[in-house]
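Engineer: Dropping the structure in here first, questions after.
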Amino acid sequence: MTTAPTARQGAVGTAHTRVEGRDKVTGAARYAAEIPFPGLAHGWLVLSTVARGRIRALDTAPVLAMPGVRTVLHHGNAPRVATDYPGLMGGKPDPTAAVFQHDRVPHPGWPVALVVAETPEQAREAAEALVVHYEQEPHDVVFTADHPRARPTGGFGPAVTEKGDLEAELAASAAVVDAEYTTPEEYHNPMEPHGATARWEDGRLEVVDSNQGTMWVAGELANLFSLDPSAVRVRSEHVGGGFGSKGVRAHQVAAVMAATVLRRPVRVVMTRRQMFSLAGYRSPTAQRIRLGADADGRLRALEHRSLSLTSTVHEFNESASAPSRVMYDADAHHTVNSVVRLDVGTPTWMRAPGEAPGSFALESALDELAEKLGVDPIDLRLRNEPEQGPVSGLPFAGRNLSACFREGARRFGWADRDPRPGVRRDGRWLLGTGTAAASFPAGAGPSTAAVTAEADGSFTVRINAADIGTGARTALTLVAADALDVVPDRVRVRIGDSDFGPAMIAGGSTGTRSWSWAIRLAAAELRERLAPDVRVPPEGVTVRSDTTAALGALTQRERHSYGAQFAEVAVDPATGEVRVRRMLGVFAAGRIVNPLTARGQLTGGMVWGISMALHEEGVRDRATGGHYGADLASYHVAAHADVPAVEAHWVDDHDPDDPVGIKGIGEVGIVGAAAAVANAVWHATGVRHRHLPIRPDRVL
Ligand code: MOS
C-alpha cells in the first residue's frame, strides 16, 4: 500500500496510558530474571563478612560436593578481566564490578565468590555453606564532617568555585546564617532487584539484564572481557526501577564469567540484602552553608561546602554544592565539594545526585535567612533571581522559577500564611507550612534511532532507550507519532537492545530528551522519502539518525529544570511524629510530553523527598562495617499511609534549542522536597532540623 501518513497532530502534550501497561498488569511483561532459558544454571554471590583485609583461603571442596553445585568462582580461578580502558565520560574506569581479580577485600560486602548450581536454592545453600578465611585489617567506616583525610575533589563540575571576598561580605551583611547540615547514607531500593542472565550464542555474548542503558552495560562488558563491541548484545526490555543503581555491577560480570567457564546460560540475581552492598547508594553528606544578606534580602555572600564519602576502589563524588552554583548569585560566592575515602562500598548516582542533598542544605539555609530578616521565604528567593548562571556566566535557557512560585503560592494558599512558628494547633498536632526551590540540570546525550515505515502502514521505531518505570516508551511513542504525523496507535517503539545502536542512558534526567531528538531526526527524513505515491516494499523503508552533530552545535546556555515545592506538616510534640498532610510542586521542566506519566514521575520524586526528609537512613555498625537492617523492614521508605495528598503541576516552559521543547523531568521532583518538609517542621514547632531524617527522637 502507499503510505501517506494520515494527517494528525498533537500527541505530545496529551495524556496517554502506558503502551506496555496492559502487559505489565497482566504479567505478560517479563522482567529480566523471569525469562526462561534452556539449560540455565544459577549463580549465588558470596560477600565478604569482614570490612577490610585479604582472602587467605576458600574451602571450596565441601561446597563442590553439595547437590547440584557445578563450580565456585573466586580470585584464584575466575577469568581475568581488563581494567585499564577509558571509563564512562572519559574518566577512570570503575573497577567496582571487576570481581574475583585479587585477594583484597576493600570493604564489607565485597564479592569474594560465586557459587553456581542447577537451582537457585542449591546455589544459595552452597553459597551460605562456603567457608572463607580472611586476614583482617583495621577499617575506617565512620564518616565525620571533620575527617582528616577529606580533600576537595571534582565530580560533575569543579571541586572549588570562588568569587569575591567572602569574609568581607559576611561582615557587611545585615543578617548572617552559618549552619551545618547532614544527610545520611540512602539506598535506591528499586522494586525489581538486579538480575542478569549471560550466555554465549554463536560466538556472541548475550546478556539479558535489568539496567538503565544496554549500551552502557554492553560497552563495559566488552571492555572488561576484551571483546569486540559487536560481539556483545545486552537486552533489557522492562525495568522495575533503577534510581541510578542499574549500571554495571558484580552480578552481570560474575554471570558472564560463569557462562564462559560452564558453557551454558548462567543467571545471577541479587537479594534485597545484597543490594545494600552491591548496587551503590547515596553517600552521606556533611554540608556547611554561610549566607549573608542586606536587610532587604539581597545576598552579599553565599558559601556552600560539602563533604561526601567514597570507597578506596573508585572515586564517586556526591557534589552537593551543585545547586548553589546555579540557584543564587552573591557578591562573594564560594562552593567546595570534598570527598573522603573510607573502607565502604562505592557510592553512585541516586535520585538527583548532588542536587537532592545539596538542596536540603541550601533551601533550609534560605528559610533560616528569611526568618532572620523577617522576609517571606518566597519573596527572599524572588529577590535573588540571578540574571545569568552565577558560576558559569551563561544566559539561562529559560528560568521560570518565579512563575513556579507564583503558581504554587496560589494553588497552595500561601498568601494567608502566618510567618510565626509554633502557633497553629489541630488538637494535639502542631501545624506548619514550608517551601523550597528545586533545580536539576537539563542535558542531552548523543543517540541514534532507526524509524521504519512498514508495508502495512504502521511504523516501527528502534532506539536503545530504557524505560525504568518512567513511561519513556510511551513518551517516545507520542513524540514519534507527531514527528510522523500519524496517530500513536500506528507507532510501535522497541527499546532496550544494544543491537539497536548507541543511545543515551536513562540517567541524569536526559533520556527522553536525547532519544526524542534522534527519533525526530529520523522521522523527518523518512517523511521526505515517503512521497504520497511511494510504495513501501515488504521489508519496509528504514531511516537512521544520529544526533551527535546536532548536539555539538547546541548553544551554550545554563540549562535546567526548576520547581517550587510546598509542604504542610503536622507534628505531634508528645511522640515526635511528623506527618506530611499535603505536598504541592509546580515545575518549569520544559515541554511535558505525556501529562499522565509526567505527573507520576514528578509526584514520585516528591514522595522520595518525603522519604528523604522523614524516613530513609542507612546505618552502619562501626565494629563490623556492615549495615544494620539491610532490608525494607528496617530501611524505611515512605509508604502509602505517609503520603495523603501530593500534587504536581507545571507552568509553560520550552527549551528554545530542543526540537520538541523538552528539558527533563526525571529527577527535579525530589529536589527541594526534603527542605520544604523540614522548613514546614520548623514553622510548626519553631525548631530547626538540620540533620536528616527528621526522626521522632530528633523532634523530641
Ligand atoms: Mo539518575 S540518579 O541519573 O538514574
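Engineer: So what are the three principal axis dimensions of region 390-506 from its Cα atoms, in whole Å, longest to shortest?
Structural biologist: Ordered largest first, region 390-506 gives principal extents of 69, 42, 26 Å.
Engineer: Let me ask something else about it. Given charges of +1 on the Cβ of Lys and Arg and -1 on the Cβ of Asp and Glu, with all other atoms neutral, how large is the dipole of region 143-284 about its Cα centre, in debye to the nearest 20? List each step's numbers first, then the result.
Structural biologist: On the way: 15 positive and 17 negative charges, 220 e Å.
Using only the charged Cβ atoms, the result is roughly 1060 debye.
Engineer: Given 10 Å bins starting at zero, what is the percent of C-alpha pairs of the chain in each, up to the one with the largest pair distance?
Structural biologist: Calculated P(r), rounded to whole percents: 3, 15, 24, 25, 19, 11, 3, 0.
Engineer: Now for a different question. Across 10 Å bins from 0, what is the distribution of all Cα-Cα pair distances for region 429-481, in whole percents?
Structural biologist: Histogram of Cα-Cα distances, whole percents per bin: 15, 35, 21, 13, 9, 5, 1.
Engineer: Oh, and also: I want the antiparallel fraction of DSSP beta bridges within the chain, as a percent rounded to 5.
Structural biologist: In the chain, approximately 75 percent of DSSP beta bridges are antiparallel ones.
Engineer: Output the relative contact order of region 501-659, whole-number percent, from Cα pairs under 8 angstrom with separation of 6+ residues. Mind dumping the intermediate values first?
Structural biologist: Details: 164 pairs, mean separation 35.3, N = 159.
Once normalised by length, the contact order is 22 percent.
Engineer: So for 628, 562, fewest C-beta neighbours within 10 Å to most, what's the order? Could the numbers behind the result be given before it?
Structural biologist: On the way: 628 12, 562 30.
Going from least to most buried by this count: 628, 562.
Engineer: Using only the alpha-carbon atoms, what does region 450-603 span along each of its principal axes? Please give whole angstrom values in decreasing order.
Structural biologist: Each principal axis gives a Cα extent; for region 450-603 these are 75, 36, 28 Å.
Engineer: Can you put 546, 658, 23 in order of Cβ neighbours within 10 angstrom, beginning with the fewest?
Structural biologist: 23, 546, 658
Engineer: Under a point-charge model restricted to the Cβ atoms of Lys and Arg (+1) and Asp and Glu (-1), what is the dipole moment magnitude of region 249-292 relative to its Cα centre, in debye to the nearest 20? Don't skip to the answer; put the middle values down first.
Structural biologist: Details: 9 positive and 0 negative charges, 20 e Å.
So the magnitude is around 100 debye.
Engineer: I need the Debye-formula profile for region 570-676: one equal scatterer per C-alpha, no solvent, reported as log10 I(q)/I(0) at q = 0.12, 0.18, 0.22 1/Å, two decimals.
Structural biologist: The Cα Debye sum returns log10 ratios of -0.53, -0.91, -1.13.
Engineer: Starting from the Cα-Cα distance between residue 624 and residue 420, subtract it from 0.36 nm times their residue separation and give me the gain in nm to one decimal.
Structural biologist: 68.8 nm
Engineer: Express in nm, to one decimal, how much length is gained between residue 294 and residue 202 on full extension, taking 0.36 nm for each residue of separation and deducting their alpha carbon distance. Please report the intermediate quantities before stating the final value.
Structural biologist: Values: separation 92, 0.36 × 92 = 33.12 nm, distance 7.10 nm.
In short, 26.0 nm is gained.
Engineer: Follow-up question, since we're still on this one. Could you list log10 I(q)/I(0) for region 174-331 at q = 0.18 Å⁻¹, which the Debye formula gives when each Cα is one point scatterer?
Structural biologist: -1.04
Engineer: Order the peptides 116-126, 605-615 from the highest to the lowest mean number of other Cβ atoms within 10 Å of their residues.
Structural biologist: Highest-to-lowest ranking by the protection proxy: 605-615, 116-126.
Engineer: Separate question: If packing is taken as the average number of other Cβ atoms within 10 Å across a peptide's residues, how do 265-274, 198-207 rank, most packed first?
Structural biologist: Working: 265-274: 22.1, 198-207: 16.6.
With the highest mean Cβ count within 10 Å placed first, the list reads 265-274, 198-207.
Engineer: Cβ neighbours within 10 Å, averaged per peptide: list 108-115, 357-364 in order, most packed at the top. It would help to have the intermediate numbers written out before the result.
Structural biologist: On the way: 108-115: 25.5, 357-364: 30.9.
Order by mean packing, descending: 357-364, 108-115.
Engineer: Please check which bits of region 277-298 a label hung off residue 180 would reach, taking the label as a point 7 Å along Cα-to-C-beta and the cut-off as backbone N under 15 Å.
Structural biologist: The answer is 285-290, whose backbone nitrogens lie closer than 15 Å to the label point.
Engineer: Please report, in debye to the nearest 20, how large the charge dipole of the chain is about its Cα centre when each Lys and Arg carries +1 at its beta carbon and each Asp and Glu carries -1 there. Each step should come with its number before you reach the end.
Structural biologist: Details: 73 positive and 82 negative charges, 154 e Å.
With Lys and Arg at +1 and Asp and Glu at -1, about 740 debye.
Engineer: For the chain, with the dipole built from +1 on Lys and Arg beta-carbon atoms and -1 on Asp and Glu ones, taken about the Cα centre, which of 277, 170, 200 lies farthest toward the positive end?
Structural biologist: Going by the Cα projections, it comes out as 200.
Engineer: Right, something else. For the residue pair residue 575 and residue 485, what label-to-label distance in nm results when each label sits 7 Å from Cα along the Cα-to-beta-carbon direction?
Structural biologist: Once both label points are built, they end up 6.2 nm from each other.
Engineer: While we're here: Using the charge dipole of region 447-496 (Lys, Arg: +1 at Cβ; Asp, Glu: -1 at Cβ; taken about the Cα centre), state which of 469, 487, 451 has its Cα farthest towards the positive end.
Structural biologist: Value computed over the given set: 469.
Engineer: Another one. Based on the alpha carbon coordinates of region 279-318, what radius of gyration and maximum Cα-Cα distance (Dmax) apply, in Å?
Structural biologist: Both quantities, over Cα of region 279-318: 15.6, 48 Å.
Engineer: Which whole-angstrom value gives the distance between the alpha carbon centres of region 538-571 and region 67-88?
Structural biologist: After rounding, the separation between the Cα centres reads 37 Å.
Engineer: Let me ask something else. Kindly list the residues of region 108-131 that lie in the label zone of residue 66, defined by a backbone N under 14 Å from the point 7 Å along the Cα-to-C-beta vector.
Structural biologist: Taking a point 7 Å out along Cα→Cβ of residue 66, the residues of region 108-131 whose backbone N falls under 14 Å are 113-131.
Engineer: For each of 181, 134, 85, count neighbouring Cβ atoms within 10 Å of the residue's Cβ, then give the residues from fewest to most. Kindly include the intermediate steps, with their values, before the conclusion.
Structural biologist: Numbers: 181 26, 134 18, 85 13.
Least to most surrounded, the residues fall as 85, 134, 181.
Engineer: Stretched out fully, how many nm does the piece from residue 548 to residue 385 gain, at 0.36 nm a residue minus the Cα gap?
Structural biologist: 55.4 nm is the gain from fully extending residue 548 to residue 385.
Engineer: Calculate how large, on average over all directions, the projected area of the Cα convex hull of region 102-178 is; give the answer in nm² to one decimal. Walk me through the intermediate numbers first.
Structural biologist: Values: hull surface 43.3 nm².
So the mean shadow area of the Cα hull is 10.8 nm².
Engineer: Continuing with this model, one more query. Work from the charge dipole of the chain (Cβ charges, +1 for Lys and Arg, -1 for Asp and Glu, about the Cα centre) and give the residue of 605, 55, 312 farthest towards its positive end.
Structural biologist: 55
Engineer: Still on this structure: Cut-off 19 Å, label point 7 angstrom out along Cα-to-Cβ of residue 698: give me the residues of region 289-311 whose amide nitrogen falls inside.
Structural biologist: Once the point is set 7 Å along Cα→Cβ of residue 698, 289-290, 305-309 turn out to lie under 19 Å by backbone N, inside region 289-311.
Engineer: What FRET efficiency do you get for residue 639 and residue 37 if R0 is 45 Å and r is their Cβ-Cβ distance, rounded to the nearest 0.05?
Structural biologist: 0.80
Engineer: How large is the convex hull of the C-alpha atoms of region 1-122 per residue, in Å³?
Structural biologist: On the way: hull volume 35.3 nm³, N = 122.
Dividing the Cα hull volume of region 1-122 by its residue count gives 289 Å³.
Engineer: To the nearest Å, what is the center-to-center distance of region 384-449 and region 208-270, using C-alpha atoms only?
Structural biologist: Distance between centres, Cα-based: 39 Å.
Only the coordinates and a few stated rules stand behind these numbers; no lab work does. Keep in mind that this is a model prediction, so the values were computed, not measured. Note that we place each Cβ from the backbone using ideal geometry, even for glycine, and neighbour counts take in every protein chain shown.
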